[in-house]
Amino acid sequence: MLIRKDERWFVQPNPVTGAAEDWPVTRAVLDRHYDQAEKILAPQRYPLDVEPYASTPKTLAFRGAAQRAGLDWSLPNLAVTFGNPGHPAVPGEPIAEAEPNLHGRTRYTCRLVGECDVGCNFGSKNSLDYNYLSMAQREGAVLRTRCEVRRFAPRPEGGFSVWYVEHSSEDEGHRTNTSGLELHAVVCDRLVVSAGTFGTTYLLLKNRDSFPLVSKQLGTRLSGNGDLLGFIRRSKSWAKDGGVTGFAPSLGPVITSTLRVADTVDGGNGPGYYIQEGGLPGFAQWALEAADTPDEAVRATRFAAREVWGAIRHTPKSDLGGEISLLLGGGEDSDGLMILLGMGRDTPNGVMSLRDKWLELHWDLARSRTYFDRVKATMARLAHELDAEFEVNPLWYLRKVITVHGLGGCPMGRNVDEGVVDSTGQVFNYPGLFVADGSVMPGPVGPNPSLTIAALSDKFADALIEPGCA
Ligand code: SF4
């Protein structure tokens, strides 16, 4: 999902004092970088106005519930190709690319199989290998895959040295002594670290001795971008009204639409957030059904009994198809499941550090309690509109949340006391050393952060190429 960070959400409560503070960049500054990133990521909205997309159960159910609840529902940009530019959306059509991609393989438009989270087998997702990395390779960049950076340090004569190991495909699946792998070295004038929130923070913490002047803010301002997982189950109304059996969570891309709830800074009455309907691959639906052992066991016993009885009576009648479907059951449980993904303005009070060479994280959920309670309440409201049950991710009862959008650790600031990098991504006190990923966020982005990470990286690239321009 490619959504720009809300204009007024660049002002946030300070995680310690609660006082309002501005991000070192504003929406106005980032908008031209958002434009640039969108040009390359080529987003498309879910084509809900034409079939087969128009009858996507989870999207229709989510929209209906949101609208009945008076919530702000919409179809945002997705980094997925549903149709060739200027042509109608059609599943499984070859994508006409202006230049070949780095795989040299044909991409196909989205087939609605819901496997986005585990990797798209059809090239329908506009993932970085099909755009930025393919462009970089065409410009002469050398892409070294299966390489793990172990160390990096400034060079006395300027620039940086980087030491890395290579993981061979032959070792895959075999126990390997990776500490004994051969170290390779490269040197460079400028170094950009983009290993993600946890990877980049870990690498900088691990190499801190080589960068003694790095800000004391290293490891701070971690947030989960307010991620919260919820489930809607057993709707008593949807199936009847919609004329379909359930929400069909594996039909369609993992996310197709969203709703937005305003923040105090833009007319709301608390921390703002987004909720989106999620999905899962077909095989995960079967796994869910299989996990429903009590029912499964009953069905299996009945199946065996019928087979034995048939054998005893030597009956010629064989209805294997029918028997198998009785054995598998109707799939109500998994088909009647709607996955909800909440994200928004939690409190970035998490701190990462190293303990025995492992990354350790301290994050106090209580500081974001108001936020999470609001998100949960809206999820429960959606379930109510669907005459269904709402269940929050069970980890919640252990005061834990799952995040797929970890942010912070090398926060942007106006000076070395406030942050690790400046508004061009350069590390304070280390000219030529840049960080370009989610770790530079001084707080939650709010919506899905990938587009804001891309826009900031575009801004940082301009600064790297033309210092003083961004
Ligand atoms: S639903 Fe996701 S995984 Fe499936 S084809 Fe579309 S983009 Fe690819």
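Here are some notes:
- Phi angles of the range 249-264 translate, via the Karplus equation with coefficients 6.51, -1.76, 1.60 and θ = phi - 60°, into HN-Hα couplings of x, 9, 9, x, x, 3, 10, 10, 8, 9, 10, 10, 10, 5, 9, 3 Hz per residue; Gly and Pro are given as x.
- When a 1.4 Å probe is rolled over the protein heavy atoms, the share of accessible surface on the chain that falls to carbon and sulfur comes to 55 percent.
- Charge dipole magnitude, Cβ of K and R +1, D and E -1 - the range 144-189, Cα centre, debye nearest 20: 160
- Entry note, the chain: the mean residue ellipticity at 222 nm calculated from DSSP H runs of n ≥ 4, each adding -39500 (n - 2.57), is -8000 deg cm²/dmol after division by the residues and rounding to the nearest 500.
- Take V192: with every protein chain present and a 1.4 Å probe, its accessible area is about 70 Å².
- Residue pairs, from the table K58/K125; K216/K376; K236/K376, whose Cα atoms sit over 31 Å apart: K216/K376
- Seen from P467, the other residues with C-beta closer than 14 Å to its C-beta sum to a net charge of -2, counting Lys and Arg as +1 and Asp and Glu as -1.
- Relative to one another, the C-alpha centroids of the range 73-108 and the range 138-209 are positioned 33 Å apart.
- Peptide packing: for 135-145, 227-237, 39-49, the average count of neighbouring Cβ atoms within 10 Å per residue gives the ranking 227-237, 39-49, 135-145, highest mean first.
- Other residues with beta-carbon under 11 Å from the beta-carbon of N448 carry, at +1 per Lys or Arg and -1 per Asp or Glu, a net charge of +1.
- Phi-based couplings in Hz for the range 209-223 (Karplus 6.51, -1.76, 1.60; Gly and Pro marked x): 4, 7, 10, x, 9, 5, 4, 6, 7, 4, x, 9, 6, 6, 9
- 0 to 90° range, to nearest 10: angle between helix 369-385 axis and the chain longest Cα axis: 30
- Under 5 Å from the amide H of N77 lie the amide H atoms of L2, each residue being 5 or more positions distant or on a separate chain, with H modelled from the backbone and absent for Pro and chain starts.
- Sites listed here are GluC sites (Glu not before Pro) in the range 1-102 whose DSSP assignment is loop and whose Cβ has at most 15 other Cβ atoms within 10 Å: E97.
- Placing +1 on the Cβ of every Lys and Arg and -1 on the Cβ of every Asp and Glu, with nothing else charged, gives the chain a dipole about its Cα centre of roughly 560 debye.
- With contacts taken as Cα pairs under 8 Å at a separation of at least 6 residues, the range 144-189 carries a relative contact order of 39 percent.
- Between the amide H of V192 and those of F434, distances stay under 5 Å, these residues lying 5 or more places away or on another chain, with hydrogens modeled in the peptide plane.
- Value of relative contact order over the range 115-269, rounded to a whole percent, pairs C-alpha under 8 Å and six or more apart: 18
- Placed amide H near S124: partners under 5 Å, 5+ positions off or other chain: Y108
- Rel. contact order, % - alpha carbon contacts under 8 angstrom, at least six apart, the chain: 23
- Note, ³J(HN,Hα) from phi for the range 198-203, Karplus 6.51, -1.76, 1.60, rounded to Hz, x at Gly and Pro: 7, x, 5, 4, 4, 5
- Rolling a 1.4 Å probe over the heavy atoms of the protein chains gives the range 144-189 an accessible area of 72 Å² per residue.
- Pairs of alpha carbons in the range 144-189 whose separation is greater than 16 Å (percent): 45
- Net charge of Cβ neighbours under 9 Å - reference D346; Lys, Arg +1; Asp, Glu -1: +1
The values are calculated or read from the model by the stated rules, or taken from the named source; none is laboratory data. Everything numeric in this text was worked out from a predicted model, so none of it was measured. Because the Cβ atoms are built from the backbone with ideal geometry, glycine has one as well, and the counts that use them run over all protein chains shown. Only protein heavy atoms, including side chains, enter the accessible area calculation; ligands, DNA and RNA are left aside. Shrake-Rupley method; radii C 1.70, N 1.55, O 1.52, S 1.80 Å.
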